[in-house]
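A short write-up of the structure that comes next.
The values are calculated or read from the model by the stated rules, or taken from the named source; none is laboratory data. All of these numbers come straight from a predicted model, not from anything done at the bench. Because the Cβ atoms are built from the backbone with ideal geometry, glycine has one as well, and the counts that use them run over all protein chains shown. Just so you know, the surface numbers come from the protein's heavy atoms only, side chains and all, with ligands and any DNA or RNA stripped out. Shrake-Rupley method; radii C 1.70, N 1.55, O 1.52, S 1.80 Å.
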Amino acid sequence: MNAWLIDNPDGQREASSNVALGRVGHPTDIADIVAYLVSDDARWITGQILDASGGTAL
């Protein structure tokens with residue numbers, strides 16, 4: 001997350017307009033991905049690149 005967005009509502013609106021999911025990411029968004037990847041549910045995933053951008057610039 002870019003620190004300049006934390007207290008910048010205008011910046012958040014601008015950044016959100018470029019994201020398919022319509023909002024900027026939160027630390028919990030990435031934490032959920034990490035938790036999944038280290039869980040047994042992801043045991044068969046190998047050698048992949050995961051785009052965790054919320055669909056930025058689609």
Self-check item: Loop-resident sites, the chain, for chymotrypsin sites (Phe, Trp or Tyr not before Pro), counting at most 13 other Cβ within 10 Å (DSSP)
Solution: W44
Practice problem: Would you mind calculating the relative contact order of the chain from Cα pairs under 8 angstrom and at least 6 residues apart, reporting the percent as a whole number? | Solution: 40 percent
Quiz item: For the chain, what is the accessible area per residue in Å², given a 1.4 Å probe and the full set of protein chains?
Solution: 84 Å²
Quiz item: Roughly what angle does helix 27-37 make with the longest principal axis of the chain, taking Cα atoms, 0 to 90 degrees, to the nearest 10?
Solution: 10 degrees
Quiz prompt | Simple label model, 7 Å out from Cα along Cβ direction - A3 to D32, nm | solution = 2.7 nm
Exercise. Could you look at the chain and say what percent of its accessible area is carbon and sulfur, using a 1.4 Å probe and all protein chains?
Key: 57 percent
Quiz prompt | Convex hull (Cα only) mean projected area of the chain, reported in nm² to one decimal | solution = 4.6 nm²
